[in-house]
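Trainee: The structure that follows is given in the form of structure tokens.
The values are calculated or read from the model by the stated rules, or taken from the named source; none is laboratory data. Please read these numbers as outputs of a predicted model, since none were measured by experiment. Cβ coordinates were reconstructed from backbone atoms using ideal geometry, including for glycine residues, and neighbour counts include every protein chain displayed. When the accessible area is computed, the model is the full protein with side chains, heavy atoms only, and any ligands, DNA or RNA have been set aside. Shrake-Rupley method; radii C 1.70, N 1.55, O 1.52, S 1.80 Å.
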Amino acid sequence: MDISFITVNYNSSDETLNLIKSIHQHTQNRAYEIIVVDNNSRPQELEKLHELKSDPSVTLVESPVNGGFAKGNMLGVEYAKGTHFFFLNNDTRLLNDASGILKAFLEANSKIALATAQLYHDEESPTSSYKKFPALANKLFGNSFVRFFTKDDFPSNKVRLHVPTKVGVVSGSCMFFNASVFNKIGGLDTNFFLYCEEEDISKRIWESGYEVYFVPEAKIIHYEGASTQKSYEIEREYYISHNILLDKHFSPFAAAIMKFLTLLKLLRRSFRGGNYFRLFRFVLRGAPVKESLRYQQQTKEVL
């Protein structure tokens, strides 16, 4: 098996079905499978996915609980047989043979273990596919100041790149892995329920001696937000994950400063209205993990 496409569905089955159509349309001349993990969607949403059972290339995995992004994808990995794993948000669509392009690129470069495609808002409008890993110096002095005084190998996500380029962090909506390296480093960290998984695994790829690349020839539309409805609870989840990321990858001193700077940013933004003041108060309390959406999920009854 060449490629295992893995996607997670949660109450957005129409998006998932459209993604699968685009995979079939743009993926030819190689052995591939599609693994769909349903994260305990509503019955009517899950029912839509049952039509996939007639597609021999698709494996539908029904999770009895919504374990979040990382856990859902890792459940999919348990069924994956490919030499490469292609994790895609279900609100993405292939515009070309992205999997073939990324597979050929990784196979030609044995040190590269993770790559992403050029993402688009629509067929004409490119959007960011990569970013930098958080750094204390950048938070304190700004990206431009740090870049002026230090050697910075990674481009800003504001730069439009036209050739394959090393990047710090790829978009979590589109991650193409060498499966053996992915498994070797332990895959996605399921301590993250939602957000920051891509920062964590990109960082671990670099630390394991492999490289992360952006490959603009591969093209994918990402309909951002189509699979996750924004709410205060969803916004709050980001700050829980952000704290987990900082505690995992920074010294206690550096993590404390970065959390304080985040708090100041939210305080400034609170004057704009919206949820910022509520988020400020939440982060001021330490963004407690016990209030994560992870602990508000109900388990499906098994009849």
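Trainee: Can you pull out the GluC sites (Glu not before Pro) in segment 1-85 whose DSSP state is coil and whose Cβ has at most 10 other Cβ atoms within 10 Å?
Mentor: Values: sites: Glu15, Glu33, Glu45, Glu47, Glu51, Glu62, Glu78; in loops: Glu78.
For GluC sites (Glu not before Pro) across segment 1-85 that sit outside H, G, I, E and B with at most 10 neighbouring Cβ atoms in 10 Å, the list reads Glu78.
Trainee: If I take every Cα pair under 8 Å that is 6 or more residues apart in segment 1-115, average their sequence separation and divide by the length, what percent do I get for the relative contact order? Write out the running numbers ahead of the final one.
Mentor: Working: 189 pairs, mean separation 44.1, N = 115.
Across segment 1-115, relative contact order equals 38 percent.
Trainee: I would also like to ask the following. Counting pairs of alpha carbon atoms under 8 Å apart in space and at least six apart in sequence, what relative contact order in percent does the chain give? Can you show the working numbers first?
Mentor: Details: 547 pairs, mean separation 66.4, N = 303.
So the answer I get is 22 percent.
Trainee: Moving on. Over the chain, with a Gaussian network built from C-alpha contacts below 10 Å, which listed residue (Ile205, Ile240, Ile101) shows the highest mean-square fluctuation?
Mentor: Result for the chain, Cα springs under 10 Å: Ile101 fluctuates most.
Trainee: On average, how much accessible surface per residue is there in the chain, in Å², for a 1.4 Å probe, leaving out ligands, DNA and RNA? Intermediate results must be reported in sequence, preceding the final value.
Mentor: On the way: 14670 Å² over 303 residues.
Averaged over the residues of the chain, the accessible area is 48 Å².
Trainee: Between His50 and Thr165, what is the FRET efficiency for a Förster distance of 45 Å, r being their Cβ-Cβ separation, to the nearest 0.05?
Mentor: According to the calculation, E is roughly 0.60.
Trainee: With a 1.4 Å probe and every protein chain kept in, tell me what percent of the accessible surface of the chain is carbon plus sulfur. Can you show the working numbers first?
Mentor: Values: 7740 of 14670 Å².
Carbon and sulfur atoms account for 53 percent of the accessible area of the chain.
Trainee: Could you go through segment 162-173 in sequence order and give the Karplus-derived ³J(HN,Hα) for each residue, using 6.51 cos²θ - 1.76 cosθ + 1.60 with θ = phi - 60°, rounded to whole Hz, and x for Gly and Pro?
Mentor: With the stated coefficients, segment 162-173 comes to 10, 10, x, 9, 5, 9, x, 9, 9, 5, x, 6 Hz.
Trainee: At what distance in nm do the modelled label points of Tyr238 and Ser57 sit from each other, each positioned 7 Å from its Cα along Cα→Cβ?
Mentor: About 3.5 nm separates the two model spin labels.
Trainee: Using r as the Cβ-Cβ distance of Leu261 and Lys230, and R0 as 35 Å, what FRET efficiency do you calculate, to the nearest 0.05? Working shown, then result.
Mentor: Working: r = 24 Å, r/R0 = 0.68.
For Leu261 and Lys230, the calculated efficiency is 0.90.
Trainee: Using DSSP to define loop residues, name the trypsin sites (Lys or Arg not before Pro) in segment 224-303 whose beta-carbon has at most 10 other beta-carbon atoms within 10 Å. Could you put the intermediate results ahead of the total?
Mentor: Numbers: sites: Lys230, Arg236, Lys248, Lys259, Lys265, Arg268, Arg269, Arg272, Arg278, Arg281, Arg285, Lys290, Arg294, Lys300; in loops: Lys230, Arg285, Lys300.
Answer in residue order: Lys230, Arg285.
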